[in-house]
1. Is it the case, given these coordinates, that Leu198 is crowded, with 16+ Cβ neighbours inside 10 Å and not charged (D, E, K, R)?
2. Could you tell me which of the residues Leu251, Leu221, Leu231 is part of a loop (DSSP other than H, G, I, E, B) and in contact with a strand residue (DSSP E or B) (Cβ under 6 Å, 6 or more places away or on another chain)?
3. Answer with yes or no whether Ser242 is within 25 Å of Leu188 (Cβ to Cβ), polar (S, T, N, Q), in contact with a strand residue (DSSP E or B) (Cβ under 9 Å, 6 or more places away or on another chain) and modelled with pLDDT under 90.
4. Please verify whether segment 69-78 includes one or more residues that are assigned to a helix (DSSP H, G or I), at pLDDT 90 or above and in contact with a strand residue (DSSP E or B) (Cβ under 9 Å, 6 or more places away or on another chain).
5. Just checking, does segment 111-122 include any residue being closer than 29 Å to Asn174 by Cβ and out of contact with any Lys or Arg (no Cβ under 6 Å at 6 or more places or on another chain)?
6. Quick one: in segment 125-152, of everything that is aliphatic (A, V, I, L, M) and part of a helix (DSSP H, G or I), which residue is surrounded by the most Cβ atoms within 10 Å (Cβ to Cβ)?
7. What are the residue pairs meeting all of these: first residue in segment 227-240, first residue in contact (Cβ under 8 Å) with a residue 60 or more places away in the chain and within 20 Å of Asp127 (Cα to Cα), second residue surrounded by fewer than 22 Cβ atoms within 10 Å (Cβ to Cβ) and of a type in the set (S, T, N, Q), Cβ atoms under 6 Å, and 6 or more apart or on different chains?
8. Looking only at segment 211-231, filter to residues that are over 28 Å from Thr138 (Cβ atoms) and either crowded, with 16+ Cβ neighbours inside 10 Å or of a type in the set (Lys, Arg) (or both); which one of those is farthest from the chain's Cα centre (by Cα)?
Amino acid sequence: MCKNRTIRIPFLIAIGILILISVFGVVIQVNAQDQSASDIYVRLAQKGVPVLKVSTIQRLPYKIEIDLQSASQSDRLALEDNWFMQLAHREAALAYRIGLRLTSYRLNVYNSTGELIYAVETYLHPDDLSQNSQPGKTVIDNQSAEQTVNANLQLAGLTLDELAVIQEDTLGSNGQILLIQVSGKDLLDVNGSLPKFLSSLFQLLDTVNPQHGTNIVLCHLRVVDPAGNVLLDYVRDLEGGSTQWTAVEGLYSDWFPKPALAPTGGTPPAPIENGYPSPPTLTPQSYP
């Protein structure tokens with residue numbers, strides 16, 4: 001009897017230790033997930049993104065939800081949401097660099113009255129470009145990067161209003177952000193110039209980092225008319241391999257894939273404020 005009891009006590013102790021280790025591991029994972037969501041919130045806020053909250057909605061598999069505040073007062077997205085949404089997509093997709101790897105994330109956008117006007121869920125797979133890219137290195141400074149871009153762009157009659165390269169300085173990298181604004185006399189004039197201009201831009205984005213020593217990770221392009229109306233708002237994440245854009249009706253469109261890819265899930269996007277059509281979903285890196 002005593003012998004059985006002697007054997008049972010170490011066995012129970014071992015079971016207890018295993019239980020404690022398991023509980024401790026779960027606690028660590030929960031804290032890490034909550035910290036990861038908090039880190040994404042902080043980084044978005046630091047970038048000026050109107051983020052309401054970032055919360056964990058499922059722990060296994062790990063999923064989060066990002067809520068953004070739009071300046072829109074209707075059921076249409078505001079133009080600025082295009083840039084903010086892409087930054088949110090980028091932070092979530094590359095969260096694994098300084099935190100945990102996500103299985104999926106849901107992006108929600110609310111208007112000024114608190115109404116949900118956009119929602120999409122994005123699933124991340126281990127073989128996605130965004131899940132395999134590592135921070136690049138910058139060999140040349142921002143001013144030299146601007147000169148390189150300027151020398152390789154073909155404006156084709158468009159006017160270059162702005163060309164700037166600034167630091168991203170987040171996600172543990174020293175990535176550069178390329179900002180470009182060009183303008184034309186009217187829609188007809190712009191349509192005549194866009195094929196050559198966009199072809200030169202896309203070719204540049206595909207080659208500038210390996211060939212010239214830049215570390216451009218984001219490109220934000222705007223094409224406007226003389227009155228300042230935005231004809232095309234285009235954002236490309238070179239590391240994540242995704243793009244998002246908004247264009248007015250009638251603008252040259254042969255450069256983007258057709259048919260447009262549908263969202264993975266969620267509420268269909270509302271049209272853009274000020275007469276813009278529905279913003280396209282994130283699309284894979286595919287250009288002429």
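The values are calculated or read from the model by the stated rules, or taken from the named source; none is laboratory data. Quantities reported herein were computed from a predicted structural model and do not represent experimental measurements. All Cβ positions, even for glycine, are placed from backbone atoms using ideal geometry, and neighbour counts span all protein chains on display.
1. Working: crowded, with 16+ Cβ neighbours inside 10 Å: yes; not charged (D, E, K, R): yes.
Judged against the criteria, Leu198 is a match.
2. Details: Leu221 fails: part of a loop (DSSP other than H, G, I, E, B); Leu231 fails: part of a loop (DSSP other than H, G, I, E, B).
Going through Leu251, Leu221, Leu231 in turn, the sole match is Leu251.
3. Numbers: within 25 Å of Leu188 (Cβ to Cβ): no; polar (S, T, N, Q): yes; in contact with a strand residue (DSSP E or B) (Cβ under 9 Å, 6 or more places away or on another chain): yes; modelled with pLDDT under 90: yes.
So Ser242 fails the test.
4. First pass over segment 69-78, keeping only residues assigned to a helix (DSSP H, G or I): none.
Scanning segment 69-78, I find no residue that is assigned to a helix (DSSP H, G or I), at pLDDT 90 or above and in contact with a strand residue (DSSP E or B) (Cβ under 9 Å, 6 or more places away or on another chain), so the answer is no.
5. Applying the first criterion (closer than 29 Å to Asn174 by Cβ) to segment 111-122 yields 122.
Those still in the list that are out of contact with any Lys or Arg (no Cβ under 6 Å at 6 or more places or on another chain) too: 122.
Scanning segment 111-122, I find at least one residue that is closer than 29 Å to Asn174 by Cβ and out of contact with any Lys or Arg (no Cβ under 6 Å at 6 or more places or on another chain), so the answer is yes.
6. Start the filter on segment 125-152 by keeping residues that are aliphatic (A, V, I, L, M), which leaves 129, 139-140, 145, 149, 151.
After this cut, where a residue has to be part of a helix (DSSP H, G or I) as well, the list is 129, 145, 149, 151.
On the way: Leu129: 15, Ala145: 25, Val149: 22, Ala151: 9.
So the residue we want is Ala145.
7. Every condition considered, the pairs that remain are Glu239/Ser133; Gly240/Ser130.
8. Narrowing segment 211-231 to residues over 28 Å from Thr138 (Cβ atoms): 224-231.
After this cut, where a residue has to be either crowded, with 16+ Cβ neighbours inside 10 Å or of a type in the set (Lys, Arg) (or both) as well, the list is 224-225, 230-231.
Numbers: Val224: 23, Asp225: 27, Val230: 21, Leu231: 21 Å.
Result: Asp225.
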